[in-house]
Amino acid sequence: MTFDIAAHLGAVKREVRDLEIDGQPGKVIVASRVYDTTVSDLWDALTKPDRLKRWFAPVTGDLQLGGRYHIEGNASGTVTACEPEKRAELTWEFGGYTSWVNFSVAPAEGGALLVLEHIAPVSPHWTQYGAGAGGVGWELGLLGLSEHFKRPDADVRAEGVGGWETSPEAKDMVRKASTAWGEAEIAAGETPEQARKAAEATRRFYTGEAPMEG
């Protein structure tokens, strides 16, 4: 399987924002991209299990307001808000921790705009890996989504299909995405030294290399 990595990396807009969660510091990573499709089709691809399993992962549960969902090998959570073909909000429960994922869709020049936000408290995990920990993972999904609109009936997941995620092409994509999220952190006010150290830690994690010392 091959992906148009350069087109994907150039199409994604990355932002990092600060906020408070119950009086404690938190962070929001924001990934947005315009896809060559309609709002209705984009929403359908984001919310229908029979499509999600072809570009993201198998998802089970009740994908409507108040329902519980489970992503195979990943997070579970509750749908806390939903306006069909506009936006949804979810809890993201993984590894004993809860964060929050929001996504919205809207018409845009060239197709339909997806804006994805992942909100989490600042933690030692954030300090070590920064925005790339979540950002790179989501980008692998959004990469699969771009291919899904070209080949809707094929299994085009960037992770878990045929070992593509271990290929040189995948490692190059992870390196570039990690760097881009580090630069987004710098733009949001993080020191270049800390942001780039976290980006390198993220790159090593996703490529299976030994963690950084210290």
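Laboratory data are not the source of any read-out in this text; all were calculated from the coordinates shown. These numbers come from a predicted model, not from an experiment. With ideal geometry, Cβ positions are generated from the backbone for all residues, glycine too; neighbour counts draw on all protein chains shown.
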Only one of the listed values, (1) 88, 49, 33; (2) 45, 42, 34; (3) 63, 39, 31, was derived from the coordinates as Cα extents along the principal axes in Å; which label is it? (2)
Just to verify a number: FRET efficiency for Ser40 and His70, C-beta to C-beta distance, R0 = 22 Å, to 0.05? 0.30
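Roughly how many debye, to the nearest 20, is the charge dipole of the chain about its Cα centre, given +1 on each Lys and Arg Cβ, -1 on each Asp and Glu Cβ, and no other charges?
200
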Ranked output for segments 105-112, 140-147 by mean other Cβ atoms within 10 Å, highest leading, reads 140-147, 105-112
So, R0 is 30 Å and r is the distance between the beta-carbons of Glu93 and Val115; what FRET efficiency does that work out to, to 0.05? 0.85
XL table Lys13/Lys171; Lys53/Lys150; Lys48/Lys197; Lys171/Lys197; Lys27/Lys53; Cα-Cα > 27 Å flagged, in table order, is Lys48/Lys197; Lys27/Lys53
For the chain, which DSSP H helices look membrane-span-like by this rule: Cα extent along the axis of 15 Å or more and mean Kyte-Doolittle of at least 0.5? none
Derived scalar couplings ³J(HN,Hα) [segment 94-101; Karplus, 6.51 cos²θ - 1.76 cosθ + 1.60; whole Hz; x for Gly, Pro]: 8, x, x, 10, 10, 10, 9, 10
Modelled label reach - Ala81, point 7 Å along Cα→Cβ, segment 89-108 residues with backbone N closer than 16 Å: 89-92, 99-106
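FRET efficiency for Glu213 and Arg151, Cβ-Cβ distance as r, R0 = 35 Å, nearest 0.05?
That gives a FRET efficiency of 0.25.
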How large is ³J(HN,Hα), in whole Hz, for each residue of segment 78-92 in order, when computed from phi with the Karplus curve 6.51 cos²θ - 1.76 cosθ + 1.60 and θ = phi - 60°, using x for Gly and Pro? 10, 7, 9, 7, 7, 10, x, 6, 9, 7, 8, 10, 9, 7, 10
